[in-house]
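Quick notes on the structure that follows.
The values are calculated or read from the model by the stated rules, or taken from the named source; none is laboratory data. Because the structure is predicted, anything quoted here is derived from the model rather than measured. A quick note on method: Cβ atoms are made from the backbone with ideal geometry, for glycine too, and the neighbour counts reach across all protein chains shown. These area figures cover heavy atoms from the full protein model, side chains too; ligands, DNA and RNA do not enter into them. Shrake-Rupley method; radii C 1.70, N 1.55, O 1.52, S 1.80 Å.
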Amino acid sequence: MSGLPDLRLAGVATGTWLAALAGLYLPWRGGALLAVCAAVAALSVVRLERLVLLRVPGVVARPGVVARPGVVARPGVVARPGLGWAVAGLLVGVAAGAGVTAARVAVRDADPIARLARQHATVRASVVVTDDPHPVRGALGRPPQYAVPAELTRLDSTRVSVRVLILGADPVWQRVLPGQRAGVTGRISPARGGDLRAAVLSVPRAPQLHGQPSWAQRAAGDLRAGLRAACAPLPPEPGGLLPGLVVGDTSRMEPAVSEDFRTTGMTHLLAVSGSNVAIVLGFVLGLARWCRAGPRTAAAVCVLGLVGFVILVRPSPSVLRAAAMGGLGLVALATGRPGSAVPGLAAVVTLLVLVDPQLAGEAGFALSVLATAGLLLVAPGWRDALRRHRVPAGLAEAIAVPASAQLACAPVIAAISGTVGLVAVPANLLAVPAVAPATVLGVAAALVSPVWPGGAELAAWLAAWPARWLVLVGHHGAQTPAGVAPWPAGAVGGVLLAAVLVALLVAARHPLVRRLAAVVTVAAVVGTLPVRLVAPGWPPPGWLVIGCDVGQGDATVLPVGSGQAVVVDAGPEPAATDACLRRLGVRQVPLLVISHFHADHVGGLAGVFRDRSVAAVVTTAHTEPALGRRQVLAAAAARGTPVRAAAPGEGLVIGDLRLTVLGPLRPLSGTRSDPNNNSLVLLAAVRGHAILLTGDAEEDEQQTLMSGPVHADVLKVAHHGSAFQDPAFLDAVRPSVALVSVGAGNGYGHPNAAVLARLAQGGARVLRTDRAGDVAAIDSGTGLAVVVRGTDRRAGRGSGRPAGRGSGRPP
C-alpha cells in the first residue's frame, strides 16, 4: 500500500460510535445535552479554522506538506493542514451519534412501558420476532428457557414500537422464525440497560402465532433445517460445528468444542461475519471470472450471491452488518486499493450506528469493524514486507490477513475475556485453509437440501473434513501450555492493550526495535515453554484427590495410574469437566461414579466421555430426578458403557485405589430432598489416606452413616458446604482437609459460614473451588498437604501453588 490511508471520515465515524455508546447508558436528556454541546463546539471549531485561514497570507509549505490554496505557514511555524477540520469532524460525529441515540432512548424509556416494567405487571402484548430464539440455561434441574429478541407492537390496548427480550419457557419458541407475529401474556420487567431494549417479557405459556413470517425468513428456515438434517449423520463434533461455521447455528455444537474455540481465539468462526460474506462472494466472483464474465455481469452475480447469502443466514441486523463489512473488504481486495476503502469503512460504520445505535455497544460489531480495519490498514503492509523477504505471494497473504485481523481485534477480546491469546494467531493461521472450503461446501449443502437431500448429505460429508481440521486445531490449541495469558478485563484492559499494540506497531518501524522484539520473543518461548512442558505444575506430585473447579456442582478425581483416574460426579457443564480432566492428563476412566442424578452432578457427562474411554458407570439406586437418570443412561448407552447401581457395603478395587460404599444404608423418603439424602457416599483409600466423598448427603443420611466409622483424612464436604449438615457428623469425620466444590456468586448461599467455621475449629484446612480453583490434597512424604491451582476462569489457566499443610493421620 503506497502513501498514507485516507482518514478524512475516520473522525466522524469514531465520534458517532463513541457518542452512541455513551448515549445508551445516559438518560435521554443527558444524550441530548451532549449532542447540543458537541454541535456548538463543532461550529466554533469550523469558524475558528476559517478565521485562521483568512488571516494567514500567502502560500508556503514545507516539502512533503500539503497546504491548502491561500494558506501560508508563518516563519518557524509547522503547518498542520486539516487538524481543525478533523476535530470538527469528530465533534460532528459526536453530535449525530448522541442526538440519534438520545431520541431512541427517549422512546425506550417512555411510559407506559417503563411504569409497567417497574411494577413487574402482567401484560398482554403483540410482538414480532426479530431474530432466532436461542436456549439459555435455567436453574439447575429445570429445562432451558428461550431468549427471543422481538419488537413490541402493542401493549394491552396501547400501540407501541420498542424492542424487548422475551424469555419463553415453552418449547414452541424454538421453532418460531424471525418475522413471526405472536400474542403473548407474561410478566414485564425492566431491561438491564446499555441497549435499546425497553423491557424483558417472561412468558410461561406458548405464544399465539398470527400469520406467517416473510417468504425470505421461511426460505431461510427451510434451508437451515436442511443443513442441520444433512449434518445429522456426521460425528457430533464436526456435524455440530458445520452449521455454526456456515450460518451461525450453534444449537447442535458440542460444548467442549465451543470452549476450545473460545480458548484459542477462534470464536469468530462461529458467528456470521464479514469473512463469511467475503468467502462466499469471493467464490462467486471467482466463478464469474472463470466463466469470463464482464465486470458488470460479475458485479450483478455478486449482488445476487450477496442477497442469497443474507437470506440463507437470515436478514438480521448482525447479518446486514456483516454483509456491509464483507462486501467492503471484498471490493477493497478486488480493486487492489485497500487504502482507498478506509473512507468507505468509516461511512459504513457511521451509517450503521445512526440507523441502529445499539450496534455501538455490541462486541460483534466492534470485532467486525476492527477486523475489517486490520485487513485494510495493516495486512497490506505486512503482506508486502513478507514478499520483500521472499515469502511466496499466497503464503504472505495467508499469514498477513489472520494475523492483522487478530491484532486489531485483540483489545476487544481482552476487554471481554480478560485474556490475551498467545496461541490465537497460529491457531487462526492453521484454520485459514479449512474455513473457505467448509463454508462453501456447507452453503452448497444448504442450497441443494430442499431438492436433493442425498446431494446435501454428500456436500456436508465433504465439508466435514475441513471441519474436522478446525476441531483438531481448536482442541490442540486449547491444550497448548501458556497459550493464554491473563490480562485486565473491561474497558481499562482493552484500552491498555490497544495502547501497547499501537506503540509496538509504531516502534516496529525501526529495525533495531524489530530485532529486539524478536530476541525477547524467542527468549520467552525458549525459556518458558520447555518448563511448562516438562513441569507444568499441575497436577501436583503425590496427589491423592482433586476437586475440580466446575462452578456450582461436583466433580472429584481420584488417581489410579498414568493417564487413568476414577471420576466421581461430572459437574454441571461438559466444558469445565473436560478441561479439568485434560489438565490432569486423564485419558482413561476405569470407573465413573454418579452420586445422584441432580443436574449439577450429571450435566457435564459429555465432558467425561469426550476423547476418553469410560469402562463402567456406577450410580445410586434412587431413580430421581428421572431426567438426570435418563441423561446418564443415554450417555452410557451411546458409548456402550455398562451402568449399574451400587449396593451398601460394596467394595470396589481399581489398581491401588479401594472404594467402599458407605451409604445410603437404606432408601430414605419424605426428607427435605430425597435425591440428596440417597446420594452415594464413598470412602476411598489412597496410599494409606482415607478420603470421604459425600455427594449431596444432608442431615438425614449423615445421621444414618454414623452407625459405622466415618473418620477420614480428607472430606469432600456434602452439598457444596450448605447449611444442611449434621454437626455431629462433621465432628465424627474430623478431617485434616475439607474440600468444598462450589460456584462463585451462586444464589443458594453456599457455602454456609457456620459449617466452614465448625470444620476449621475441628482442625481442618478448608479449600473452596470458587476461590482457589482446582484444589488438591497431596501426600508430601511427611504428611498431608494441600495445593491449589488458582482461579482464572476467563483464561482457563492457572498454576499449581501450595496452600498449606495438614497433619497426616492414619485412616
Checklist entry - Just wondering, is there one or more residues in the range 596-604 that are of a type in the set (Phe, Trp, Tyr), part of a helix (DSSP H, G or I) and out of contact with any Leu (no Cβ under 6 Å at 6 or more places or on another chain)? => result no
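Of all residues in the range 572-583, which are of a type in the set (A, V, I, L, M) and modelled with pLDDT under 90?
Matches in the range 572-583: Ala575, Ala576, Ala579.
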Next on the checklist: For the range 473-516, give me each residue that is in contact with a helix residue (DSSP H, G or I) (Cβ under 7 Å, 6 or more places away or on another chain) and modelled with pLDDT under 70.
Outcome noted: Gln479, Pro481, Ala482, Gly483, Val484, Ala508, Val513
Checklist entry - Out of the range 448-461, which residues are under 14 Å from Leu242 (Cβ atoms) and in contact (Cβ under 8 Å) with a residue 24 or more places away in the chain? => result Ser449, Ala456, Glu457, Ala459, Ala460, Trp461
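When you look at Leu354, is it in a helix (DSSP H, G or I), open to solvent by 40 Å² or more (accessible area, probe 1.4 Å) and touching a residue at least 24 places away in the same chain (Cβ under 8 Å), yes or no?
On the way: in a helix (DSSP H, G or I): yes; open to solvent by 40 Å² or more (accessible area, probe 1.4 Å): yes; touching a residue at least 24 places away in the same chain (Cβ under 8 Å): yes.
Judged against the criteria, Leu354 is a match.
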Item to check | Single match in Ala225, Ala220, Ala199, Ala230 (criterion: open to solvent by less than 50 Å² (accessible area, probe 1.4 Å) and either in a strand (DSSP E or B) or of a type in the set (D, E, K, R) (or both)) | outcome: Ala199
Checklist entry - Given the conditions (1) closer than 30 Å to Gly442 by Cβ; (2) over 30 Å from the mean Cα position of the chain (by Cα), which single one is not true for Gly168? => result (2)
Item to check | Given (1) modelled with pLDDT under 75; (2) in a helix (DSSP H, G or I), index of the condition Ser258 fails | outcome: (1)
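Residues in the range 699-720 that are touching a His at 6+ places or on another chain (Cβ under 8 Å) and either of a type in the set (Asp, Glu) or at pLDDT below 90 (or both): how many? Lay out the reasoning, then the answer.
Restricting attention to the range 699-720, the residues satisfying the condition of being touching a His at 6+ places or on another chain (Cβ under 8 Å) are 713-714, 719-720.
Restricting the remaining residues to those that are either of a type in the set (Asp, Glu) or at pLDDT below 90 (or both) gives 713.
Of the residues in that region, 1 qualify.
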Next on the checklist: Among the residues of the range 135-142, are any at positive phi and not in a strand (DSSP E or B)?
Outcome noted: yes
Next on the checklist: Yes or no: the range 413-424 includes at least one residue that is out of contact with any Lys or Arg (no Cβ under 9 Å at 6 or more places or on another chain), assigned to a helix (DSSP H, G or I), open to solvent by less than 10 Å² (accessible area, probe 1.4 Å) and at pLDDT below 75.
Outcome noted: yes
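Can you pull out every residue in the range 359-371 that is open to solvent by less than 20 Å² (accessible area, probe 1.4 Å) and under 16 Å from Ala22 (Cα atoms)?
Applying the first criterion (open to solvent by less than 20 Å² (accessible area, probe 1.4 Å)) to the range 359-371 yields 359-360, 365-366, 368-369.
Leu359, Ala360, Phe365, Ala366 - these are the residues of the range 359-371 that are open to solvent by less than 20 Å² (accessible area, probe 1.4 Å) and under 16 Å from Ala22 (Cα atoms).
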Checklist outcome for this item: Within the range 254-269, the count of residues that are open to solvent by 20 Å² or more (accessible area, probe 1.4 Å) and more than 10 Å from the chain's Cα centre (by Cα) comes to 2
Item to check | Residues of the range 319-349 that turn out to be at pLDDT 60 or above and touching a Gly at 6+ places or on another chain (Cβ under 7 Å), as a count | outcome: 3
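Does the range 751-767 contain at least one residue that is more than 22 Å from Ala728 (Cα to Cα), over 34 Å from the mean Cα position of the chain (by Cα) and at pLDDT 85 or above?
Initially, the range 751-767 is screened for residues more than 22 Å from Ala728 (Cα to Cα), giving none.
So far as the range 751-767 goes, no, none of its residues is more than 22 Å from Ala728 (Cα to Cα), over 34 Å from the mean Cα position of the chain (by Cα) and at pLDDT 85 or above.
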Item to check | Test: Ile654 is out of contact with any Ser or Thr (no Cβ under 6 Å at 6 or more places or on another chain) and modelled with pLDDT of 90 or more | outcome: no
Checklist entry - So, of the residues in the range 284-301 that are at pLDDT below 75 and either within 22 Å of Val412 (Cβ to Cβ) or in contact with a helix residue (DSSP H, G or I) (Cβ under 6 Å, 6 or more places away or on another chain) (or both), which turns out to be most open to solvent (accessible area, probe 1.4 Å)? => result Leu285
Next on the checklist: Go through the range 572-616 and report how many residues are open to solvent by 10 Å² or more (accessible area, probe 1.4 Å), among the small types (Gly, Ala, Ser) and under 25 Å from the mean Cα position of the chain (by Cα).
Outcome noted: 7
Checklist entry - Which of the following residues is in a loop (DSSP other than H, G, I, E, B), under 27 Å from Ile113 (Cβ atoms) and among the charged types (D, E, K, R): Arg192, Arg163? => result Arg192
Checklist outcome for this item: Residue hits (the range 170-207; touching a Pro at 6+ places or on another chain (Cβ under 7 Å) and of a type in the set (Gly, Ala, Ser)) are Gly179, Ala182, Gly183, Gly186, Ala199
Next on the checklist: Looking only at the range 742-752, how many residues end up being open to solvent by 10 Å² or more (accessible area, probe 1.4 Å) and in contact with a helix residue (DSSP H, G or I) (Cβ under 9 Å, 6 or more places away or on another chain)?
Outcome noted: 7
